[in-house]
Amino acid sequence: MSHDTVRAPSWPGYAEVHRVTTLLRRESVGGMVLVVAALAAIVWANSPASEAYFALRDLRFGYEPWHLELSVGAWAADGLLAIFFFLVGLELKREIVVGSLRRFQTAIVPVTAAFAGVAVPAVIYVAIVHTQPSLLAGWAIPTATDIAFAVAVLALVGSHLPGPLRIFLLTLAVVDDLIAIAIIAIFYTSDISLVPLAVFAVLVVAYGVIAHRARAWFSRNAWGAWVVLLPIGFAAWAFLHASGVHATIAGVALAFTIPVAASKRQPEHHGMDLAEQFEHRFRPLSSGIAVPIFAFFAAGVAVGGGEGIVRALRDPVTIGVVAGLVLGKPLGILLGVRLLTLVTKVRLDPALKWIDLAGVGLLAGIGFTVSLLIAELSFGDGSPHTDDAKIAIMVASLVASVLASCVLLVRNRRYKQLARDEEVDADHDDVPDVYQQPLPPER
């Protein structure tokens, strides 16, 4: 074979690992933008110009007869974050149809880890605040994992980590988000208006029918989704908002109607199905605009100086959220996987080590975007517990990212050394050992 010819690796699972790695690279940029937006909000909210920040966040606009006169912060949380959940829905559907979740043996480990990683932090939080029943409403705050933030850290520190570990993290985070969406829909929805909800359902069906019938046209014409599907999607979001169900759920519902090619033999256009194209087109809008703006208006908390910090640290909500994210997440993930391997015949991928899972478990303790959203839904308007929960989320996310980085950097160094050793062995095997060649017969 010519030295100029390069072949893609053909080992099992390469295509999946390559896809996940590409996604992690895209998410890493969004994660860093998210961090910058949150830091900017914290600085502004605690600066002499803090009144301007809160005035901007509380500024209301919109059409009241349609229940859409909302504050800027509410538009960011209910509206822009629906774009983020639309991307989550697309990724989840792709995982179910063509990704890790389509194979039981591959999916059961991260799915079990995700459920256990939600349950244990909730139990820890409840155990800490149970003496104050009014605080129990925040039980779901430490259950979520922020995909963008977590994979940004992984992309920065995990260049040589094994592919199955990356797939494990992505699947875990996607399923974790699905559980968080279900929690918001079930536990944080009070009064439901059935007529707007029925209209929402009709619009979602219409959205899906159009997406399926005209999939080839949408693939060829990038502007088609903006002109045809976006107005229908916005109307569906508005009716869901009017129904009383948290409007971000609309993003997931609409995403699940987008067709995904069950096989690469069925490409929609130039080898990409419609869901993949939509993900490619809309991810910059989500990671570069929607999520950072939400973080900017959600993370701005007036700490109140030293006294405010002391008060926040004494709040059981703060203690419960930090303990749930930093301790509960890795503990739940490891316990879930361990029980699964003990009770069933399911075994870990040979490439996965328990110390690697511990690092990913710590990484899952970064509960930024969805945790901030649940914090805003948990307590009443103006409650100091809301701000304390946000402070706890940011502190816990920082601690979890540092601890996870420490573990994963050590493991990454180990895998990097192993890769170098394999390269040396491969180069050695390619060089003929002339000293081992049989001598020519003597004449």
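Structure values in brief
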{"item": "From Gly332, Gly300, residue being open to solvent by less than 40 Å² (accessible area, probe 1.4 Å), touching a residue at least 12 places away in the same chain (Cβ under 8 Å) and assigned to a helix (DSSP H, G or I)", "result": "Gly332"}
{"item": "Residue check, Thr145 within 15 Å of the chain's Cα centre (by Cα) and either on the phi < 0 side of the Ramachandran plot or without any contact (Cβ under 8 Å) to a residue 24 or more places away in the chain (or both)", "result": "yes"}
{"item": "Positions within region 271-300 being small (Gly, Ala, Ser) and closer than 12 Å to Ser219 by Cα, in sequence order", "result": "Gly271, Ala275"}
{"item": "Boolean, His212 is in contact (Cβ under 8 Å) with a residue 40 or more places away in the chain and out of contact with any Pro (no Cβ under 7 Å at 6 or more places or on another chain)", "result": "no"}
{"item": "Selected residue (criterion: surrounded by the fewest Cβ atoms within 10 Å (Cβ to Cβ)) from residues of region 243-256 that are among the small types (Gly, Ala, Ser) and under 13 Å from Gly79 (Cβ atoms)", "result": "Ala247"}
{"item": "Failed condition for Leu135, given (1) open to solvent by less than 10 Å² (accessible area, probe 1.4 Å); (2) farther than 24 Å from Val337 by Cα; (3) part of a loop (DSSP other than H, G, I, E, B)", "result": "(3)"}
{"item": "Residues (of a type in the set (D, E, K, R), more than 20 Å from Ala351 (Cβ to Cβ) and open to solvent by 10 Å² or more (accessible area, probe 1.4 Å)) located in region 162-183", "result": "none"}
{"item": "Helices (runs of 4 or more DSSP H) contained in region 168-269 and holding at least 2 residues touching a Lys or Arg at 6+ places or on another chain (Cβ under 8 Å) and under 30 Å from Phe115 (Cβ atoms)", "result": "none"}
{"item": "Residue satisfying all of: in region 194-220; surrounded by fewer than 14 Cβ atoms within 10 Å (Cβ to Cβ) and not hydrophobic (A, V, I, L, M, F, W, C); nearest to Ser378 (Cα to Cα) among these", "result": "His212"}
{"item": "Among the residues listed as Val118, Val129, Val109, the single one being β-branched (Val, Ile, Thr), crowded, with 19+ Cβ neighbours inside 10 Å and in contact with a Leu (Cβ under 6 Å, 6 or more places away or on another chain)", "result": "Val129"}
{"item": "Close pairs (8 angstrom Cβ cut-off, 6 or more residues apart or separate chains): over 18 Å from Thr145 (Cβ atoms) in region 78-90, small (Gly, Ala, Ser) and not in a helix (DSSP H, G or I) anywhere", "result": "Asp78/Ala247; Gly79/Ala247; Ala82/Ala247"}
{"item": "Subset of region 89-100 [outside any loop (DSSP other than H, G, I, E, B), open to solvent by less than 40 Å² (accessible area, probe 1.4 Å) and either over 30 Å from His280 (Cβ atoms) or not hydroxyl-bearing (Ser, Thr, Tyr) (or both)]", "result": "Gly89, Leu90, Glu91, Leu92, Lys93, Arg94, Glu95"}
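The values are calculated or read from the model by the stated rules, or taken from the named source; none is laboratory data. Remember, predicted model here, so these are calculated numbers, not experimental data. For neighbour counting, all protein chains shown are included, and Cβ atoms are generated from backbone atoms with ideal geometry for every residue, glycine included. Please note that ligands, DNA and RNA were not included when accessible areas were found on the heavy atoms of the full protein model with its side chains. Shrake-Rupley method; radii C 1.70, N 1.55, O 1.52, S 1.80 Å.
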